[in-house]
Amino acid sequence: MKHQRGVSKLEFAVVVAILGILAAMLLTRLNAIEADLERIEVDLTVRHIRAGIQAAIGEHIMRGEEYRIAEIAQASPIDFLGEQPRRFNEGLTADVAGQWAYNPNRRELSYLPRIPSAFGGADELRWRYESQLDRLGKTVGIRLVKLN
């Protein structure tokens, strides 16, 4: 009687197939996690900008300097973050994936997604930096409005 040494070709093929399936499942899950992380990063950046704007407006109101709210409206929304986001482009438009930019002429903040499918296939995300005016035309607030 012969003793078999090692594994047969069939056993080896089954193990390789199982490992291939597991690797494909892992890569699919990692891609989904990466898309989720990019969505969260963008959402947090926009939330932090909004919170910074609200804090600046609140500071002026607490000091009785409501007339200075219009100055906030003239600043870049990026100024209200503790630090600039990763890959911020000082130019008017974002040039590469994963980059933020602010166009002061159009008063628009933009972001080019690294994974467009994470944002419904959008090639660019944009927000408009708008002043809120009262009946007399005085700036009483500021908001960041999503455009797409």
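What the table below lists for this structure:
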| read-out | value |
| --- | --- |
| Lone unmet requirement of (1) within 29 Å of ASN31 (Cβ to Cβ); (2) in contact (Cβ under 8 Å) with a residue 40 or more places away in the chain for ILE57 | (1) |
| Pair list, Cβ < 7 Å and 6+ apart or interchain, from the stretch 28-51 residues that are assigned to a helix (DSSP H, G or I) to residues that are surrounded by fewer than 13 Cβ atoms within 10 Å (Cβ to Cβ) and of a type in the set (Gly, Ala, Ser) | ALA35/SER117 |
| Those residues of the stretch 50-77 which are closer than 22 Å to LEU112 by Cβ, of a type outside the set (Ser, Thr, Tyr) and out of contact with any helix residue (DSSP H, G or I) (no Cβ under 7 Å at 6 or more places or on another chain), in sequence order | ARG50 |
| Scope the stretch 98-120; condition closer than 16 Å to THR45 by Cα, in a loop (DSSP other than H, G, I, E, B) and in contact with a Lys or Arg (Cβ under 7 Å, 6 or more places away or on another chain); matching residues | GLY98 |
| The lone exception for ARG50 - which of (1) closer than 20 Å to GLN99 by Cβ; (2) surrounded by 14 or more Cβ atoms within 10 Å (Cβ to Cβ); (3) charged (D, E, K, R) it fails | (1) |
| Single match in GLN84, GLN99 (criterion: modelled with pLDDT under 90, out of contact with any Asp or Glu (no Cβ under 7 Å at 6 or more places or on another chain) and closer than 28 Å to ASP123 by Cβ) | GLN84 |
| Count - residues of the stretch 78-97 that are in a loop (DSSP other than H, G, I, E, B), in contact with a helix residue (DSSP H, G or I) (Cβ under 9 Å, 6 or more places away or on another chain) and within 20 Å of ARG50 (Cα to Cα) | 5 |
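Per-residue answers, yes or no, for (1) surrounded by 13 or more Cβ atoms within 10 Å (Cβ to Cβ); (2) touching a residue at least 12 places away in the same chain (Cβ under 8 Å); (3) of a type outside the set (Gly, Ala, Ser):
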| position | (1), (2), (3) |
| --- | --- |
| ASN105 | no, yes, yes |
| PHE119 | yes, yes, yes |
| TRP127 | yes, yes, yes |
| LEU133 | yes, no, yes |
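The values are calculated or read from the model by the stated rules, or taken from the named source; none is laboratory data. Keep in mind that what you see is a predicted model, and the values were worked out from it rather than measured. Here Cβ is always computed from backbone atoms with ideal geometry, including for glycine, and neighbour counts include all displayed protein chains.
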